[in-house]
Structure formats: structure tokens, C-alpha cells
Amino acid sequence: MPGSAFYDVDPLAKVAINLFYGWGYNFYRQENQLRADDQLIRSKVGMLLGSARKSVETAERDYRREFLPPPSREKPRPDATAVANAQAVERLSRAIGAIQGQITSQPVPENDRMTQRYRQEAATLQQLMASDQKLAGQAELLRSMLDLKNGSWMVENMSALQDGINAIGETLRTRQLLLFPAA
């Protein structure tokens, strides 16, 4: 019914604003938008790294199937080089998973009075956004390097892949210093 209290805009807006402020949130503030964007970007970076890890796991499985057949009378022991290569690809997968976990669990500045008192929240969030953009670019580059590649290619290009993981780790450390500067 149009005459109902549920349709009276002014009192409803006042109630909503009081609730938002009571919850400590005002979605019209730039800081809240930047905080939400930061979380969204990091979740997307996590998805990119998850895709990269899946490519590595698929390549590892296929590599093991091709180069590490079941033992037989003629060849009871696996080739040591093939085992080492398969383990290197497995370590690559674990390293990507570790970086993915670190990225998705990174904090953003809290929306509290102490943070607002000692730090310019919007400026910090802008710096975090730049850092997150770099993370997204690095994650996409790593994902595209690994997409549809086999285990042999990964073994041959392990140093370049490790450089990518190290670069992402360095960007994460820089991001952490934005939130928790050295005392």
C-alpha cells in the first residue's frame, strides 16, 4: 500500500542511515569503496593463482604418468632425474598455493577511530590499490605463462617461473609494509 510506513521515504532513510552508522559503515564514503575494491581485487588475484596452480597440478600429473611408469622387472626403480623434475613441479604448485593463501588473507586497514587518527585511510587504500594492481598483473602473467604448458616445459623454465613467484612475494611484502610500517 502506498500509504503504508514502508513507503514513506524520509523516515526509512533516517532509519537506514542510523543503522549504517550504528554498524560503523557508510557506503557512500570513498574509503569504504576502496576497501571493498581491495578485497575484490585480491579475491580475483587469488582466482588467477588458483588457475595457475591447477595448470601446474595437471602438468605434474601428466608428467608423472609419462616419465614415471609403474615399476617392472626390467626397470624396478624410477629414473632419478624424472623423480627430481616431478618433485620440482610439485614444489612449484605448493609455492603458488602458499602465495595464493597469503594474498587472500591480507588485511585492509580497519575502519576504526584509532586507524583514522594515526593514518590517512584513503591515501593508504590508494597505495594498496596500486599494489593490488601490480599483484593482479603479476598473477595474470604467471597464469598465462603456465596455461596449457606441460611438465617438461615447466622444468625447463623453472627459473623464470620461480622469478615470477619471487616477484609476487616481493609485492606482497611491500603491501604489508604499507599497512604495518617498521617501527
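The values are calculated or read from the model by the stated rules, or taken from the named source; none is laboratory data. Just so you know, these numbers come straight off a predicted model, no measurement behind them. All Cβ positions, even for glycine, are placed from backbone atoms using ideal geometry, and neighbour counts span all protein chains on display. The protein model used for the area step is the full one, side chains on, heavy atoms only, and it has no ligands, DNA or RNA in it. Shrake-Rupley method; radii C 1.70, N 1.55, O 1.52, S 1.80 Å.
Some observations on this one:
- Prolate/oblate/rounded label for the range 48-102 (Cα gyration tensor, a/c 1.5): prolate
- With a cut-off of 15 Å between beta carbons, the residues surrounding residue 168 carry a summed charge of +4, where Lys and Arg count +1 and Asp and Glu -1.
- Phi to ³J(HN,Hα) by Karplus 6.51 cos²θ - 1.76 cosθ + 1.60 over the range 151-160, Hz, x for Gly, Pro: x, 4, 4, 5, 5, 5, 10, 4, 5, 5
- Filtered trypsin sites (Lys or Arg not before Pro), the range 42-107: DSSP coil and at most 11 other beta carbons within 10 Å: 73
- Shown in residue order for the range 69-76 are the 3J(HN,Hα) couplings computed by the Karplus curve 6.51 cos²θ - 1.76 cosθ + 1.60 at θ = phi - 60°: x, x, x, 9, 4, 6, 9, x Hz (x for Gly and Pro).
- List 74, 170, 31, 66, ordered by accessible area with a 1.4 Å probe, largest first: 74, 66, 170, 31
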